[in-house]
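Contents: one structure, followed by commentary.
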Amino acid sequence: MNKNSKIEILQKMIQIQSVNDHEANVADYIISLFAPYPDVQIKKVEYGPGRDNLVITIGDPNGPIFGLSGHMDVVAAGNEGDWDEPPFSGALKDGRVFGRGASDMKSGLAAVVIAMLELLEAKTKLSGQVRLLATVGEETGEYGAAQLTKAGYADNLTGLVIAEPSTDMKDMVYTARGVIDYEVTSTGKGAHSARPWLGINAIDNLWDYYHLAKERLSKFDHKDQILGHVTHEITKISGGEQVNSIPAQAKYMGNIRTIPEYPNKLFYAELESVLDELNAKEGYDLSLRYSFPEEAIIGTKDTPLAKTAAGVYQDVFGHTPNLAGSLGANDGAEFLQAQGDFNSLVCGPGSDSSHQANEYVDVDIYLKAIEFYKKLALQFVG
């Protein structure tokens, strides 16, 4: 496939507006690219209307399966006035492709897809299979990866590379923090603010939970050598009806970033203990829910996948990668719960412009990423 065709595929993916939805349109476009080739296994896995995960497998079913993954959703473009070019144009300028998802992560997804297409185009004989796991909903909870994992599509992989952006592809991420998003709702009793004794202030009770939870979780103070400390932040809060009414309901959302030393169950236990303690008191009515929590990814630099990938990277890029950890979560946390014993790596094209106006990817890095994924797959199933 020539350079212009590779860029065009990326541009077309960016032009599909899959903002936290409509991933089926991306899946259908990818399917159209594989349509000319026989003996390709294609499976759409519906998550919801207009939201299809996609699994594409090529190669010999009698051998091992090497996994490549990317998500099809993007975040909102924000204020379009902040963009130099329309956010879904896929504009090519000064050696860069611009647009929402150019970095996170349609460039990685396109690179993986093209790597597989080029293997088919060259009629490369494989001793195993290469499997694309393209997911929905990564930006809002990794629930597409969770669905594919439960359905068995990630079982018994020999390795998995997730093409998330890694700072112009300089980093190769082998470990990552986990995440717990949680929401606490406080139910009180409304009353006129001139007679507060007739009501129950839901905000006061919520505030009690907040302070106690922050205090209890602060004991998880170990510093991971790669990932640093656990973080716990309150990121959204709402409550009350109007200024002269005692609020009957209030809620906040908290975000915890965990490290391998502390399994998520330890945090659940503390949060639920605070809930039980306060609800045992008169006037408290608190509830707690979690939203797609992910365990931290435990990894080392000396796995066969990391060593092989580092060697291929050296060959393609001409220098060694920076083996690193990620402060954010990724789909690997779900896929690693599949059957079998395998490791994952995050390494993909993209820049530090993810989720920002004028998001971009460097074309040269994108093209090298294609070679990296193709050569790495051949190391495992070639």
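The values are calculated or read from the model by the stated rules, or taken from the named source; none is laboratory data. Quick caveat, the model's predicted, so the values are computed rather than measured. All Cβ positions, even for glycine, are placed from backbone atoms using ideal geometry, and neighbour counts span all protein chains on display. Note: areas computed on protein heavy atoms with side chains; ligands, DNA, RNA excluded. Shrake-Rupley method; radii C 1.70, N 1.55, O 1.52, S 1.80 Å.
Descriptive notes on the structure:
- Compared with the alpha-carbon gap, the fully stretched path from GLN15 to LYS307 is longer by 101.5 nm at 0.36 nm per residue.
- Rounded FRET efficiency, nearest 0.05, which uses the C-beta distance separating VAL75 from HIS192 and R0 of 45 Å: 0.60
- Seen from LYS170, the other residues with C-beta closer than 12 Å to its C-beta sum to a net charge of -3, counting Lys and Arg as +1 and Asp and Glu as -1.
- Angle of helix 23-34 to the longest C-alpha principal axis of the chain, folded into 0 to 90 degrees and rounded to 10: 10°.
- Angle in degrees between helix 264-279 and the longest Cα principal axis of the chain, rounded to the nearest 10: 20 degrees
- Annotation: amide H of GLN129 within the under-5 Å range of ASP60, GLY63, ILE65, PHE66, sequence separation 5 or more or interchain, hydrogens built in the peptide plane.
- Cα centroid of region 160-204 to Cα centroid of region 331-382, whole Å: 28 Å
- Ranked order, LEU133, LEU327 - accessible area, probe 1.4 Å, largest first: LEU327, LEU133
- Principal axis dimensions, largest first and in whole angstrom, of region 1-103 by Cα: 52, 36, 22
- Relative to the globular-protein estimate of 2.2 N^0.38 Å, the Cα radius of gyration of region 152-311 stands at 1.39.
- With protein chains left intact and a 1.4 Å probe, residues in region 1-82 average 46 Å² of accessible area per residue.
- Sorting MET1, MET172 on solvent-accessible area from highest to lowest, probe radius 1.4 Å, gives MET1, MET172.
- Cα long-axis angle, helix 304-317 against the chain (0 to 90 degrees, to the nearest 10): 60 degrees
- For ARG289, the solvent-accessible surface with a 1.4 Å probe is about 120 Å², rounded to the nearest 10.
- Between VAL243 and SER218, the FRET efficiency from the beta-carbon distance, with R0 = 35 Å, is close to 0.60.
- Restraint check, LYS106/LYS251; LYS93/LYS123; LYS43/LYS150; LYS301/LYS374, Cα-Cα greater than 26 Å: LYS106/LYS251; LYS93/LYS123
- With every protein chain in place and a 1.4 angstrom probe, the accessible-area ranking of LEU54, LEU92, largest first, reads LEU92, LEU54.
- Reducing region 101-146 and region 52-96 to their Cα centroids gives an inter-centroid distance of 9 Å.
- The modelled label-to-label distance between ASP364 and LEU327, using points 7 Å beyond Cα along the C-beta direction, is 2.8 nm.
- For region 248-254, putting each phi into the Karplus relation 6.51 cos²θ - 1.76 cosθ + 1.60 with θ = phi - 60° gives couplings of 8, 8, 8, 8, 9, 10, x Hz, in residue order, rounded to whole numbers and with x for Gly and Pro.
- Entry for semi-axes √(5λ) of the Cα gyration tensor in Å (calculated from the structure that is shown) out of (i) 32, 29, 21; (ii) 39, 33, 19; (iii) 42, 23, 19: (iii)
- Residues THR124 and THR320, FRET efficiency given R0 of 25 Å [Cβ-Cβ distance, rounded to 0.05]: 0.40
- CD proxy at 222 nm, helix term only [per DSSP H run n ≥ 4: -39500 (n - 2.57); per residue of the chain; nearest 500]: -10000 deg cm²/dmol
- The Cβ shell under 12 Å around HIS22 holds other residues with a net charge of -4, Lys and Arg each +1, Asp and Glu each -1.
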